1. Tell me, what does the Kirkwood hydrodynamic radius of the stretch 215-348 come to in angstroms if you use every pair of distinct C-alpha atoms?
2. Going by how many other Cβ atoms sit within 10 Å of their own, how do 39, 277, 520 line up, fewest first?
3. Could you tell me how many degrees, from 0 to 90 and to the nearest 10, lie between the Cα long axis of helix 124-133 and the main elongation axis, the longest principal axis, of the Cα atoms of the chain?
4. Quote the relative contact order of the chain in percent (integer), defining contacts as alpha-carbon pairs under 8 Å separated by 6+ residues.
5. Is it possible to state the helix-based mean residue ellipticity at 222 nm for the chain, with each DSSP H run of 4+ residues giving -39500 (n - 2.57), the sum divided by total residues, to the nearest 500 deg cm²/dmol? What is it?
6. Taking Rh as the Kirkwood radius computed over C-alpha pairs, what is the Stokes-Einstein D of the stretch 352-498 at 20 °C in a medium of viscosity 1.002 mPa s, expressed in µm² per second?
7. When all C-alpha to C-alpha distances in the stretch 275-328 are sorted into bins of 10 Å, what percent of pairs does each bin hold, rounded to whole numbers?
8. Computed over the Cα atoms of the stretch 134-191, what is the convex hull's projected area averaged over all directions, in nm²?
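What follows is calculated from the coordinates using simple rules that are stated; it is not laboratory data. These numbers were taken from a predicted model, which means no experiment stands behind them. A quick note on method: Cβ atoms are made from the backbone with ideal geometry, for glycine too, and the neighbour counts reach across all protein chains shown.
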Ligand SMILES: [Zn+2]
């Protein structure tokens, strides 16, 4: 039947049902247009619903509203009596037969993907059991095969929480699906699961995340929450199609993330001082740069936290909002509806803010509006993707921002990476090798030659990682930043206006006290906080 005819036919059915309801003095319901809640549906079993064609669609305390297409049907009457016997007051509405068919189909689907018992509703006792059961992550694949998919998700969530994973990746291949946890920024393959187990699990994740189950060929995003040890955790789920099925990444976002101080984040010395100064400005632009996952937004949130004194109006424009800041107006960009960084920023500025945080500067329009804001009495905080702090200047010029706008607007640039902290439970200190010693000595010489007044001792021993239960056998636990910071003083402003070379900019920044990220990293190795391998890894050496 052509679509148009189906529609007309459906409308006709609903109209005649309405007419019949009036004749027999029954309330009418267009059940196909009524949102159905699986919890209400399950007041009766699916088998009963199919036989009796009774659809519970609303429940307010002890009163249940049901839809039926034939109130005289004995099976229908029996199920209604059963509900009454269970102590419910039942209100019966008449619906079209097609509507009831559709509702039964929906019921069938929700039964297949039964709503996951999220940890919130799992008894404390069973959480403890789960916790015990997955004391070793390697036990998980076997467990996952034994339990229904909704419990499998619980196990994986708890596994992620226990290992402090920020993301869980599901990567399907021909014969198995690899599950990898991102812990302290690094991916670890934890186990593989069989394809058929994964298939059920994937459907559960989609169902839980509110994604369309029948759509498998386009990327989708979803979200769900659960509670673990009194902490509410939001899970952002996203899928992309692959030749062997859908690949998932689930990101775990604790909603109670407290804002950390600069020291807690790992800022020290010159960078810490500059960051503190930047948090006191009343106008100008502060930019934090680095690749994705380098902790830029955490640093921005900490700056805002210091500026958030109740006297300033703070507005943010983010993609997405990651943490909630009490006292700030936070908004999220929506590219599909034209709410971009550039257009959003213009709207925000009409709201008379003192401090604006904008997720990222990636085009000329945003860069222009941002610097105008910084030049007209606002504090503007944002991020940029550049390798080093100084490269921010040529990057802004490349985007198309004229030097006469950059120079007066810019106040501070911070570039950062995250290195993993050695696990204090299992790391040991071992004698430094000759080549390591050379690396330290050379670096110290470079710092000295550049005129920066900082020195540190070449350590005799350095931390070596091993791995224990406390660190999920990774050898590391938590992360700290390594950073470099530049305050844009008058000399640097002049250099920007004169389109000076990168070398000239670097030497001016050095004169002003800049320690590079790599050098900052080495100092943290000397303090026993991280390893040389970590510093090399994140600074691409
Ligand atoms: Zn350890």
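1. Values: mean 1/r = 0.0571 Å⁻¹.
Averaging 1/r across every pair of different Cα atoms and inverting gives 17.5 Å.
2. Ascending Cβ contact count within 10 Å gives the list 39, 277, 520.
3. So the helix axis and the longest Cα principal axis differ by about 60 degrees.
4. On the way: 948 pairs, mean separation 51.7, N = 541.
Over the chain, the number comes to 10 percent.
5. Values: 21 runs with 218 residues, N = 541.
Counting only the DSSP helices, I get -12000 deg cm²/dmol.
6. Details: Rh = 18.7 Å.
Rounded to a whole number, D works out at 115 µm²/s.
7. Here the calculated profile for the stretch 275-328 is 20, 58, 22, 1.
8. Working: hull surface 15.6 nm².
Averaged projected area of the stretch 134-191's Cα convex hull equals 3.9 nm².
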